[in-house]
Amino acid sequence: MRNLRKIGKSFRYTVLFIVIINILFIGGVWIYSTYNYFNEESEKIKQEYTLREKMRVKDAVNQVIERIEYHKSETEKILDKRIKERAYEAHDMAVVIYEKYKGDKSDEEIEKLIKETLEVIRFNDGRGYYFGGNINKGKLLFTSNPDYVGEMVLDYRGADGRYIFREMVDLVKEKGEGFYEYMWAKPGDTGYDHRKKSFLKLFKPLNLWIGTGAYFKDVEEDIKKDILNEITHRSPDNGKYIFVLDFSGKLLATEDIDQKKDIGENLWELKDDNDIKIVQELKKISVKPQGGFLNYNWIKPGDENKEVPKMTFVRAVDGWEWMVGTGVYLDDIDKTISTNKKILMDQMKEILMEISLFIFLMGGIIFLSEFYVMKKVKRFIDESETIYETLINLSLDGIYLGNEKGEIEDCNISAYKMLGYTREELDTLSLYDFQKNNLDDLSAPKDIITGDSYEERIFKKKNGKFIFIELNSKYVKLNNKKMLIAFVRDITNRKKMEKRLIELSITDGLTGLSNRRHLLNQLEVKLKEVNAEKPLCISMIDIDHFKKINDTLGHCAGDEVLKEFARILTGNLRKTDLIGRYGGEEFLIVLPDTSLEEAEKLMEKIRLKVYNSSWKYPELRVSFSGGLSEVNDPKNMSLENIVIKVDELLYKAKEGGRNKIEVS
């Protein structure tokens, strides 16, 4: 019996020892594996967060760079438009003065009145002025520099040795008007080699030439100011802001409210708490072909006097010695991971205490405690899955997990909301079920999703509508299966905005017709189709006495006349015809595949229609004058000469009494 008791006691202790060892071993293994799993998942979430934010900040900076590059490309167009419009205004003033005083005063007296009117006018913040002279006299009548007035300037040479004024006079003699680029002294700057462009126009009644010009540098500086003002007056997006520095370290613009006071300050020596010279490092990175990222510590808005990890993307603006950047604070994801880690450590402490208690309890209590531990394990797993699922569902992008065939196995909330399906419906579909390669040909073959790619595609929603999306995808191996992870972002609104910008760039804002640049591009295309069997006719028309309409009824009435006039023209032209507003009250009409006889009948019909139309103002009678010409061999005439020809016919019609079409 004593031996049996010893055996029982020994067995009991042996079993207890084995149970304790097993509990300690299993508990230790469980704690170790859980902690490792937590670290791996935390690192994965952190990497995904960092990658997503990298893409966001890079895209934000590239959008600003693209906008800057667009404005840079428009510099010469803006300059040309400004000076041409100003020169036309001066010419119009000369016409008004001449018409008012001809017959009452001599040509010399009228010339003096024109000179006195134009020489005092300034524009563009005082930088712009008019200059001009008489072709027959070879000297300047008026300019901003009185030293040149009355001087014989035809033999004057510029910094590059060209006879500047002689070439200007030759230009207006030959073409009547045109642009002229040269080197000239710039007020406030040294030297005579500043790039300048002028537009010159001939005033035929007195053989006067009138011009105005602008420096490329001034127009570029105006564009820079507009861009910096636009950035400075925008608000930051939840602590994320765009900033602009020059290569010397001066802060030029920022969206951050707290940093706006530092605009104009030099931040070249600015350092973080790790002695990283932030601006100097940003400059080194910005000059790389596609820019780059810099990690450093920086004070986060709202966290006063506390520097947190930050990642910034910066890229240089070619030719301007600017760098544009934006960044993201990385402490948000660290806080989430730190909170989860504290929860895990607290749970581990509880489990260790429970294991210690289990060692001193009988086998029955051990088994009950085991059940309790398993319950705690399940709770921890559920909490971990909830945290992971919450992080994924917080993304505004649709996130898909699919197999090699593209069949969807899992997705976040944004994924099915974006396409209008339920979660259960998506489980039966493939990514290829939404994809459409071409809205004009919905049956076109679908591109294969290759993975490791970033591309734009078209998806079809459940309600039949189409959206444009950015697809960022990658194939990974999960459980020995090739799986596709895809991030999908809806960029439909961005595409609509891009389309709208294109429409605005080719349309006249008042009349809704093609603008001058777009119409001339269309005309250039049509001229390539012209031959003797397929002639083309062009008409330049101008509303008679339009200035009188503006002066008597007001500019609002003038605008209404322009819009109604455009509507009448459009309503009486054929679908194949082209029309656009050429400038002011001038319109250019292109009649493809039309003989001169057919075109004359059509334009006469339109002239009568306009003249006999009723207008909002009972006392108003509107007519127009025009020039009409046929082109059957464009090889012998340039686009510019064709337009000049119909413009000359237009002025001939005006001189012949107006309300008529001159044909040639």
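Here are the numbers for this structure:
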quantity: Matching residues, segment 251-269, being among the small types (Gly, Ala, Ser) and in contact with a Ser or Thr (Cβ under 9 Å, 6 or more places away or on another chain); calculated: 253
quantity: Matching entry among 257, 263, 337 (being buried (at least 17 other Cβ atoms within 10 Å of the Cβ) and at pLDDT below 90); calculated: 337
quantity: Close pairs (6 angstrom Cβ cut-off, 6 or more residues apart or separate chains): assigned by TED's automatic domain parsing to the domain that holds residue 172 in segment 88-113, exposed (fewer than 15 other Cβ atoms within 10 Å of the Cβ) anywhere; calculated: 98/205
quantity: Filter result for residue 121 (closer than 30 Å to residue 544 by Cβ and of a type in the set (A, V, I, L, M)); calculated: yes
quantity: Residue within segment 201-210 that is part of a loop (DSSP other than H, G, I, E, B), at pLDDT 85 or above and within 30 Å of residue 97 (Cβ to Cβ) present; calculated: yes
quantity: Residue check, residue 48 in a helix (DSSP H, G or I) and surrounded by fewer than 14 Cβ atoms within 10 Å (Cβ to Cβ); calculated: no
quantity: Subset of segment 521-533 (residues that are among the basic types (Lys, Arg) and not in a helix (DSSP H, G or I)); calculated: 528
quantity: Selection count where residues are assigned to a strand (DSSP E or B) and either modelled with pLDDT under 85 or more than 30 Å from residue 73 (Cβ to Cβ) (or both), scope segment 471-504; calculated: 17
quantity: Pairs with Cβ under 7 Å, 6+ apart, first in segment 342-368 and more than 21 Å from residue 21 (Cβ to Cβ), second modelled with pLDDT under 75 and of a type outside the set (Ser, Thr, Tyr); calculated: 344/38; 347/376; 347/380
quantity: Test: residue in segment 240-248 that is in a loop (DSSP other than H, G, I, E, B), more than 18 Å from residue 284 (Cβ to Cβ) and not acidic (Asp, Glu); calculated: yes
quantity: Some residue of segment 172-187 being surrounded by 21 or more Cβ atoms within 10 Å (Cβ to Cβ) and in the same structural domain as residue 114 (by TED's automatic domain parsing); calculated: yes
quantity: Search result, residues across segment 505-520 that are outside any helix (DSSP H, G or I) and either more than 17 Å from residue 74 (Cα to Cα) or over 23 Å from the mean Cα position of the chain (by Cα) (or both); calculated: 508, 509, 510, 511, 512, 513, 514
quantity: Residues being out of contact with any Asp or Glu (no Cβ under 9 Å at 6 or more places or on another chain) and either under 14 Å from residue 572 (Cβ atoms) or in contact (Cβ under 8 Å) with a residue 24 or more places away in the chain (or both) - total across segment 599-622; calculated: 13
quantity: Sole residue being at negative phi, exposed (fewer than 14 other Cβ atoms within 10 Å of the Cβ) and touching a residue at least 60 places away in the same chain (Cβ under 8 Å), chosen from 136, 145; calculated: 136
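Quick grid of which residues meet (1) crowded, with 17+ Cβ neighbours inside 10 Å; (2) at pLDDT below 75; (3) closer than 30 Å to residue 225 by Cα; (4) of a type in the set (Phe, Trp, Tyr):
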residue: 304; (1), (2), (3), (4): no, yes, no, no
residue: 313; (1), (2), (3), (4): yes, no, yes, yes
residue: 318; (1), (2), (3), (4): no, no, yes, no
residue: 325; (1), (2), (3), (4): yes, no, yes, no
residue: 329; (1), (2), (3), (4): yes, no, yes, yes
residue: 349; (1), (2), (3), (4): no, yes, no, no
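The values are calculated or read from the model by the stated rules, or taken from the named source; none is laboratory data. Worth saying up front: this structure is predicted, and the values here are computed from it rather than measured. Using ideal geometry, Cβ is built from the backbone for each residue, glycine included, and neighbour counts are taken over all protein chains shown.
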